[in-house]
Amino acid sequence: MRSLSGTDVTDAPSGFRAYSREAALRLTVLTQFSYTLETIIQAGKSGLKIISVPITTNPPLRPSRLHKSTLHFVLKQSGTMLRLYAFYEPLMTFSLLSVPFWFVGGGAWIRFLYLHFTEQAGIGRYVQSLTIGTGVVLLGGLILLFGLMADISNKHRQLTQIVLYRLRKLEYRLFSSDDA
């Protein structure tokens, strides 16, 4: 969690949070399962300051009503972390997803070239390596293009977050001055 968010939060899944007004205006929660991880990742990616304060808790008196088991909790949190990483780092995510396709396709090309230049058989016999390799490399290229498109969308999301922050700040100023 620390490497995903770029923060030094010691107890990320803990639900105990305190936000400054400025941070609350900047954060937008989109996930349904765990706001705790999302706000830490979002704060880290936005450059907001995060301080961890150790707390003590009471021992559990009954089973959790939120989580069926520890495994269930870990799986749900892991899924949330993967989605949030893809959401905030789409180009890196899609680039990493495309790498195996590039290696497999490149390997098929190398096989074709090796067999062709060592003249182990006629060229037509190993053309399937070239065809499959080309198809897999193209698939890797498409995945990378999706990453570029997602990265452009991510920039639009960042701009939208700035506009939303400014709108919230303006509304806060307007409505807090009426109450005073």
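The values are calculated or read from the model by the stated rules, or taken from the named source; none is laboratory data. Owing to the predicted nature of the structure, the values given are computational and were not obtained by experimental measurement. Note: ideal-geometry Cβ built from the backbone for every residue, glycine included; neighbour counts use all protein chains shown. To get the accessible areas, we keep the full protein, side chains included, count just its heavy atoms, and leave off ligands, DNA and RNA. Shrake-Rupley method; radii C 1.70, N 1.55, O 1.52, S 1.80 Å.
Listed values, structure above:
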quantity	calculated
Accessible surface of the range 1-92, 1.4 Å probe, proportion on carbon and sulfur as whole %	60
Part-to-part distance (alpha-carbon centres) for the range 24-93 and the range 137-170, which is given in Å	21
Extreme residue, positive dipole direction of the chain, given options 87, 35, 116 (C-beta unit charges)	35
Mean accessible surface per residue for the range 38-180, computed with a 1.4 Å probe while every protein chain stays in place, in Å²	73
The chain: most fluctuating residue of 77, 120, 42 per GNM, C-alpha cutoff 10 Å	120
Debye, to nearest 20: dipole size of the range 97-168, +1 on Lys, Arg Cβ, -1 on Asp, Glu Cβ	460
Listed peptides 161-173, 46-58, 79-91 by packing density, highest first (mean Cβ within 10 Å)	79-91, 161-173, 46-58
MRE, 222 nm, helices only [DSSP H, n ≥ 4, -39500 (n - 2.57), over the chain, to nearest 500]	-23500 deg cm²/dmol
Sites residue 151 and residue 127, calculated FRET efficiency, Cβ-Cβ separation with R0 30 Å, nearest 0.05	0.25
When each of 49/155; 49/76; 76/169 is checked by Cα-Cα distance, pairs over 24 Å	49/76; 76/169
Residue 120-residue 78 FRET efficiency (beta carbon distance; Förster radius 41 Å; 0.05 resolution)	0.30
